[in-house]
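Contents: one structure, followed by commentary.
The values are calculated or read from the model by the stated rules, or taken from the named source; none is laboratory data. What you are looking at is a predicted structure, and each value in this text was computed from that prediction instead of being measured. Don't worry about glycine lacking a Cβ; one is built from the backbone with ideal geometry, like all the others, and counts go over all protein chains shown. Heavy atoms of the whole protein, side chains included, go into the accessibility calculation; ligands, DNA and RNA do not. Shrake-Rupley method; radii C 1.70, N 1.55, O 1.52, S 1.80 Å.
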Amino acid sequence: MGFQGKRIIITGAAGCVGKALLKRLLLQDALIIAVDKDEGQLNALKAEHPSITTVSVDLMQWDETREKVLALIQDKPVDCLINNAGVVMPESFLETRQENIDLSFGIHYKAVFNISQVIAKSMIDHKIEGSIVNISSITSLRASENLGVYCASKASLDMLTKVMACELGEHKIRVNSVNPTAIWTEMAKKLPHNDGFMRRTPLKRIARVDEVVNTVLFVLGDDCPMMNGSFLTIDGGYSVCAN
Ligand SMILES: NC(=O)c1ccc[n+]([C@@H]2O[C@H](COP(=O)([O-])OP(=O)(O)OC[C@H]3O[C@@H](n4cnc5c(N)ncnc54)[C@H](O)[C@@H]3O)[C@@H](O)[C@H]2O)c1
């Protein structure tokens, strides 16, 4: 797929999906910059994979994120960005707290805006034909009880993906999103139990992490140069099933 020697930023790299992406891309000799707020996990990752660069930052901090990312890419621009950091805090619509709204939109929307702006400008300055993948969710397309903020913030991320694709295309930068159903991860354990969910999933299961990684790498790499502004669902048919 041609990731050899490519510099790739992964946000939320210390989480389940982030780590799996990092490990798979390292196998293809990519140069990884792992961004996360979990410094302990980043240090453990660095000990396991000394070639990676780690950036410990809370993506909610607008200026600090820009400064840290800019410092890294000033001389050596990046080729790819995977916006993967995420949070989920199930709450009913009536009980949803302001903190949940601020955090979810802060990570899934504002932070993606911030870091992508910095990276895209650098790609343009260095004439890099870059690729950005935003990790969204199938909940951006289908409403889920008790996940109102998560659904709405991922839906806003999908629209941001489309706008970025429109504006950055002329600079040969592609922007796409990947929208998984629940994945076998720690995050999925926090999701509210929902019987109807499995009934409406034709394949009758949730997704595996490796299936998500395969899809992200497919759209991130050079195999599909005309894919821009697309969203790839990984949901066993959930989003198209009328039952
Ligand atoms: N797990 C699922 O079922 C599922 C389903 C669909 C989509 N997703 C999406 O996939 C992505 C990865 O999910 P995951 O299951 O690996 O979650 P995870 O909780 O294992 O990892 C998320 C990572 O993001 C980091 N993060 C959170 N807030 C941050 C902040 N303010 N600054 C810096 N880093 C921050 C966390 O420290 C963590 O390492 C998320 O965007 C999530 O919304 C997950």
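Worth a mention:
- Near pairs, Cβ below 6 angstrom, 6+ apart or cross-chain, from segment 182-209 (within 14 Å of Gly15 (Cα to Cα) and touching a residue at least 24 places away in the same chain (Cβ under 8 Å)) to any residue that is more than 9 Å from the ligand (Cβ to nearest atom) and not in a loop (DSSP other than H, G, I, E, B): none
- Any hit, segment 37-47, residues being open to solvent by less than 10 Å² (accessible area, probe 1.4 Å), in a helix (DSSP H, G or I), at pLDDT below 95 and more than 9 Å from the ligand (Cβ to nearest atom): no
- Count of segment 189-243 residues which are within 14 Å of the ligand (Cβ to nearest atom), of a type outside the set (Ser, Thr, Tyr), in a loop (DSSP other than H, G, I, E, B) and open to solvent by less than 40 Å² (accessible area, probe 1.4 Å): 3
- If you go through segment 16-46 and pick out every residue that is among the hydrophobic types (A, V, I, L, M, F, W, C) and more than 23 Å from Asp210 (Cα to Cα), you end up with 0.
- Here the condition is being surrounded by 15 or more Cβ atoms within 10 Å (Cβ to Cβ) and outside any helix (DSSP H, G or I); of Ser153, Ser177, it holds for Ser177 alone.
- Selection count where residues are under 12 Å from Pro192 (Cβ atoms) and of a type in the set (Ser, Thr, Tyr), scope segment 138-163: 3
- Checking each residue in segment 109-136 for being in contact with a Ser or Thr (Cβ under 8 Å, 6 or more places away or on another chain) and small (Gly, Ala, Ser) picks out Ala111, Ser136.
- Selected residue [out of contact with any Pro (no Cβ under 7 Å at 6 or more places or on another chain), surrounded by 20 or more Cβ atoms within 10 Å (Cβ to Cβ) and at positive phi] from Gly2, Gly12: Gly12
- Tabulated pairs, segment 26-49, first within 18 Å of Leu81 (Cβ to Cβ), second open to solvent by 80 Å² or more (accessible area, probe 1.4 Å) and away from the ligand (no atom under 15 Å from the Cβ), C-beta under 8 angstrom, 6+ apart or interchain: Leu26/Ser51; Gln28/Met1; Gln28/Gln4; Ala30/Gln4; Leu31/Ser51; Ile32/Ser51
- For segment 159-188, a residue qualifies if it is within 12 Å of the ligand (Cβ to nearest atom) and under 20 Å from Ser104 (Cβ atoms), and the qualifying residues are Ser177, Val178, Asn179, Pro180, Thr181, Ala182, Ile183, Thr185, Glu186, Met187, Ala188.
- Taking the conditions (1) within 10 Å of the ligand (Cβ to nearest atom); (2) at positive phi; (3) acidic (Asp, Glu) in turn, Asp58 satisfies each one other than (2).
- Identity of the residue in segment 128-151, within 13 Å of the ligand (Cβ to nearest atom) and among the small types (Gly, Ala, Ser), that ends up farthest from the chain's Cα centre (by Cα): Ser144
- Residue in segment 105-125 that is outside any helix (DSSP H, G or I) and among the hydrophobic types (A, V, I, L, M, F, W, C) present: no
- Number of residues in segment 67-90 that are over 28 Å from Gly2 (Cα atoms) and part of a helix (DSSP H, G or I) equals 1.
- Filtered residue count, segment 69-127, keeping only those that are within 16 Å of the ligand (Cβ to nearest atom) and surrounded by fewer than 13 Cβ atoms within 10 Å (Cβ to Cβ): 1
- Residue within segment 142-150 that is in a helix (DSSP H, G or I) and surrounded by fewer than 19 Cβ atoms within 10 Å (Cβ to Cβ) present: no
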